[in-house]
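Below is one structure, written out as structure tokens; comments come after it.
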Amino acid sequence: MMKAAPSASPYRLAYALVLLGLWSPLAQAETASEPDELPALAAASHQASVVGVSSGGYMATQLAVAWPERFSGVGVLAAGPWSCAQGALSLALNQCMMTRRGAPSLAELDKRYQHYLALEQVGSPAALGKLRAYFWHGEKDEVVAPLLGDLLAEQWQQWLASPEQLHVARSDNAGHGWPVRLSNDATSAAHEWGDCQQGGGNHLLACDDDIAGQMLEWLYPDRQAIRADGQRDEQGGELTTFDQSTFAAKGIADTGYVFIPAGCEAGGCPVTLALHGCQMSAEVIGDAFVRYSGLNEWAATHQQIVLYPQAESSMANPQGCWDWWGFAESTWQLSPLHDTREGTQIGALMGMLDRLEAEPK
């Protein structure tokens with residue numbers, strides 16, 4: 001995920017080099033074979049959710065605001081309010097991670113939303129107001145200030161029809177990343193696991209906290225487990241790669257992942273789009289996030305498809321972030337539309353959802 005410059009000078013130097021594109025800690029993920037096309041699975045429409053961490057959290061809100069009628073819920077970990085960067089990398093770094101320029105103005109962001117609404121570049125307020133939302137932040141987060149998580153919740157309280165649709169969670173001793181409860185076989189050959197405050201090399205926080213399960217339980221309160229004993233079993237499905245080149249867009253890798261529980265080939269299963277943070281793609285940490293986030297276990301038990309799109313690094317985006325400040329749009333645009341229905345990456349991600357929800361030929 002996008003890293004703020006820590007106070008220690010070695011980390012500050014590494015951070016500066018990454019931003020300048022002069023150094024990138026990439027580890028190429030191994031692939032056993034050429035990925036297949038993303039299958040059409042007749043997934044349940046209007047029941048999809050989008051969740052993400054850090055840059056993926058910012059992108060999750062962009063998708064939900066642009067196409068609220070296509071989703072039933074949104075989950076955000078360790079990120080700030082929708083459209084916080086407003087198309088400017090300087091704001092992304094100085095107001096949407098740390099707050100060196102002060103906190104972002106929700107009134108200003110609302111003007112941006114109203115402008116998009118008038119141009120029909122985002123969905124209707126009525127559709128947005130129906131969503132369920134789950135927001136989490138670690139109080140020890142030194143990358144995205146916890147204050148930004150508070151502003152995210154305040155922003156969405158203005159949009160949701162009822163406060164009962166929003167769940168805000170905080171972890172006192174957690175840092176920046178995706179908290180997980182590790183199973184006995186959770187290993188990562190190339191990256192060490194960190195503790196609850198430092199996510200090691202893969203930004204997964206070993207907090208012994210099943211945030212993924214709690215989040216999906218909130219987003220799908222009426223979805224019943226298919227196992228009578230309620231036990232979760234990640235073996236009840238298949239995690240495979242798929243060809244993302246069909247959905248070509250700047251900043252999106254050639255290969256993504258999808259978890260398909262047993263029985264979902266017959267159709268009717270909802271989809272959760274799960275968006276990694278910066279430095280969390282398979283290009284960098286292999287399959288650590290897609291395998292150990294905790295989403296697959298809940299999905300297998302509740303017959304929920306999980307789509308793990310993958311971003312890629314570039315000179316414009318050396319940390320492999322999702323586009324939450326406008327780098328993937330045309331350079332001639334004075335105001336990039338990355339956070340609207342016309343956004344390049346938003347179009348690609350919605351295309352993937354369209355494919356999963358399509359009827360098999």
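One residue alone among 339, 323 is buried (at least 24 other Cβ atoms within 10 Å of the Cβ) and touching a His at 6+ places or on another chain (Cβ under 6 Å), and that residue is 323. Taken together, the residues in the stretch 290-318 that are modelled with pLDDT of 95 or more and within 29 Å of residue 87 (Cβ to Cβ) amount to 6. Counting the residues of the stretch 98-123 that are of a type in the set (Lys, Arg) and either within 15 Å of residue 144 (Cβ to Cβ) or touching a strand residue (DSSP E or B) at 6+ places or on another chain (Cβ under 8 Å) (or both) gives 2. Restricting the stretch 230-246 to residues that are crowded, with 17+ Cβ neighbours inside 10 Å and at pLDDT below 95, the residue that is nearest to residue 357 (Cα to Cα) is 237. Can we say residue 85 is within 28 Å of residue 306 (Cβ to Cβ), aliphatic (A, V, I, L, M) and in a loop (DSSP other than H, G, I, E, B)? So residue 85 passes the test. Checking 169, 212, 174, 127 one by one, the residue that is under 20 Å from residue 51 (Cα atoms), at pLDDT 95 or above, crowded, with 20+ Cβ neighbours inside 10 Å and touching a helix residue (DSSP H, G or I) at 6+ places or on another chain (Cβ under 8 Å) is 212 and no other. Being modelled with pLDDT of 95 or more, part of a loop (DSSP other than H, G, I, E, B) and over 17 Å from the mean Cα position of the chain (by Cα), is that true of even one residue in the stretch 261-268? For the stretch 261-268, residues modelled with pLDDT of 95 or more, part of a loop (DSSP other than H, G, I, E, B) and over 17 Å from the mean Cα position of the chain (by Cα): present.
Considering only residues in the stretch 19-72 that are acidic (Asp, Glu) and outside any loop (DSSP other than H, G, I, E, B), the one that is modelled with the highest pLDDT turns out to be 69.
The values are calculated or read from the model by the stated rules, or taken from the named source; none is laboratory data. Note that the structure is a prediction, hence the values are computed from the model and not measured. With ideal geometry, Cβ positions are generated from the backbone for all residues, glycine too; neighbour counts draw on all protein chains shown.
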